[in-house]
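Structure first, commentary second.
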Amino acid sequence: MKVFNGTAVFSGVAFGKVSIYKRNEQLIKREHIKDAAEEIKRFEVAKQSAIEQLKDLYEKALIEVGEAHAQIFEVHQMMLDDLDYIESIIGMIEDQKVNAEFAVASTADTFANLFEAMDDAYMKERAADIKDVSERVLNVLSGNSSDTGTADMDTIIVADDLAPSETVQLDKEKVKAFVTIHGSSQSHTAILARTMNIPALINTNIELLEEYDGKEAVVDGFTGTVYIEPDEMTVRNMREKQEKHVAAKSLLLKLKGKESITLDGQKIHLYANIGGVEDVPKAVQNDAEGIGLFRSEFLYLNADDYPTEDEQFMAYKEVAEKMRGKKVIIRTCDIGADKQIEYFNMEKEENPALGYRAIRICLDRKEMFKTQLRALYRASMFGKVSIMFPMIISVEEVRKIKEIIAEVMEELSAEKTPYRECELGIMIETPAAVMISDQLAQEVDFFSVGTNDLTQYTLAIDRQNQKLDTSYDPHHPAILRMLKLVADNAHQAGIWCGICGELGADLALTETFLQYGYDELSVSPSMLLALRDKVRKTDLSKRTNEESAL
């Protein structure tokens, strides 16, 4: 028996045969060509074929993992249409009279090196995306397949790393787990694995040896361990662990319809995060008490131009109706940073995470903002709609927002267009917002803490930078103190307070959030019942009694 250890990104136990996955090692040769125009045409046909493949992957990912996570494949399509990228390839073919394969490979290396040399961790991550989309074009040019599928049942994929496109292509009926040598716990691939419910390990100290191919193996997604040719005792222990896990998941289904209330009577609302209308069924199936974060920016990301008022209205209306009177909190457009849109015509920034994004764009592009607000207020007639504004850093911003809302209401009233007043809230995502949360609380009806960005900005660590995985600590005392301060200031002002970042699903902190008095946690639909189970098993009075006795 051989034992290897890695970092688990999704729990569970999986049995299967090892399938060593290696990408097609393409030896790209520089070849002289006579007809540059013909070679350029060949590249353009391959590029279009790659885009069509990505469109198919997007549709598959929509079904498998939802709109929010499928978005990476639209980003990849945009990369293939990037003018700098295309001009570099065509320029090499024309000027140097080289074959398309060499031009694509050279351009990919150049662009990837540029991204990797940048200080911004998000931009470093784009190097892998450039390599992924270029590899797809090269596969088309050479006639190779990039399929990760396997004919064997109960397979455990072992690879150096997996691109998001490769992860989505995994056949969940056959592939029971994947194990990679590299990877980041916050990468698109890791997030896709969690969403697809596939046990997965990254940063595993295993080698891609042919001798492992076809061997029986078991992956323990709880401890981050993979056993190749496990002995009888290990198999027995893992079977027991797997059975307990399956039984626990079955028990969770019995929590549907139950209140999210602690043993000592403290109630908390458990809402779902969604990326679009198609995610609502998952929220309903997992008994969400409401929608705590509707990422409206995906309406913009899915469009070739600014979505119209009616297009937005129909989407918001549909979600509100499907939630049948339950609260639906819609975040206004949060474009920028890692979500770039070509038709927004935004200048390239050295550090987009700290740049022109979210509410800054909305306040600057007032007509765009008013279009969204009009759609939101019209949709308020069809459900319990609340509106939330991202990346707030000042009271002045909130007051400007309220002035624009007053204009929108006045226009709708003049047109005799029906609407209801909506609860207004802001996301607490910056240390600045935390420190003035007492003042901000006087302006709004609720807070929702975006712990992903708050952690990044507080610790000065990009969570997608795998080199900093060991330093990225969402349990850092500074983060927890901030969360306590935000809840205290909210309640002192008489408003409610929730969390919609990934930390809300961290069961190790559920009791802490309850102690802080958080009124709501909004998480991925798949985490709702496990979170409810944790809440219902918590007794805060015991801790209070223990503290009193000390």
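The values are calculated or read from the model by the stated rules, or taken from the named source; none is laboratory data. Here the structure is a predicted model, which is why all the values come from computation and not from measurement. Here the Cβ is made from the backbone with ideal geometry for all residues, glycine too, and neighbour counts use every protein chain on show. For accessibility, only protein heavy atoms count, side chains too; no ligands or nucleic acids. Shrake-Rupley method; radii C 1.70, N 1.55, O 1.52, S 1.80 Å.
See the values below:
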quantity: Subset tally (residues that are of a type in the set (Phe, Trp, Tyr) and over 13 Å from Val3 (Cβ atoms)) for the range 222-257; calculated: 1
quantity: Failed item in (1) assigned to a loop (DSSP other than H, G, I, E, B); (2) closer than 19 Å to Cys333 by Cα; (3) open to solvent by 20 Å² or more (accessible area, probe 1.4 Å), with Asp462 passing the rest; calculated: (2)
quantity: Index of the failed condition, Glu423 passing every other in (1) surrounded by fewer than 20 Cβ atoms within 10 Å (Cβ to Cβ); (2) over 24 Å from Glu259 (Cα atoms); (3) at pLDDT 95 or above; calculated: (2)
quantity: Residues that are free of Cβ contacts under 8 Å to residues at least 12 places away in the same chain and of a type in the set (Lys, Arg), drawn from the range 240-259; calculated: Lys244, Lys249, Lys254
quantity: Enumeration of residues in the range 208-244 that are among the acidic types (Asp, Glu) and closer than 17 Å to Thr155 by Cα; calculated: Glu210, Glu211, Asp213, Glu216, Asp220, Glu229
quantity: Any hit, the range 41-57, residues being open to solvent by less than 50 Å² (accessible area, probe 1.4 Å) and at pLDDT below 90; calculated: yes
quantity: Any chance Gly214 is open to solvent by 10 Å² or more (accessible area, probe 1.4 Å), under 30 Å from Val3 (Cα atoms) and of a type in the set (Gly, Ala, Ser); calculated: yes
quantity: Positions within the range 513-533 being over 17 Å from Gly501 (Cβ atoms) and charged (D, E, K, R), in sequence order; calculated: Arg532, Asp533
quantity: The range 181-205, subset farther than 23 Å from Asn452 by Cβ and modelled with pLDDT of 90 or more, residue least open to solvent (accessible area, probe 1.4 Å); calculated: Thr204
quantity: Filter result for Thr458 (closer than 30 Å to Asp129 by Cα and β-branched (Val, Ile, Thr)); calculated: yes
quantity: Filter result (more than 19 Å from Val140 (Cα to Cα) and modelled with pLDDT of 90 or more) within the range 16-32; calculated: Gly16, Lys17, Val18, His32
quantity: Unique match (being at pLDDT 90 or above, surrounded by 21 or more Cβ atoms within 10 Å (Cβ to Cβ) and in contact with a Leu (Cβ under 9 Å, 6 or more places away or on another chain)) among Val168, Val137; calculated: Val137
quantity: Any hit, the range 501-519, residues being over 25 Å from Gly265 (Cα atoms), assigned to a loop (DSSP other than H, G, I, E, B) and at pLDDT 90 or above; calculated: no
quantity: Candidates Ala151, Ala163, Ala128 - the one that is modelled with pLDDT under 90, in contact with a Lys or Arg (Cβ under 9 Å, 6 or more places away or on another chain), among the small types (Gly, Ala, Ser) and within 21 Å of Ile202 (Cβ to Cβ); calculated: Ala163
quantity: Some residue of the range 410-419 being touching a strand residue (DSSP E or B) at 6+ places or on another chain (Cβ under 8 Å) and either at pLDDT below 95 or not in a loop (DSSP other than H, G, I, E, B) (or both); calculated: no
quantity: Every residue from the range 212-231 that is β-branched (Val, Ile, Thr) and part of a strand (DSSP E or B); calculated: Val218, Val219, Thr225, Val226, Ile228
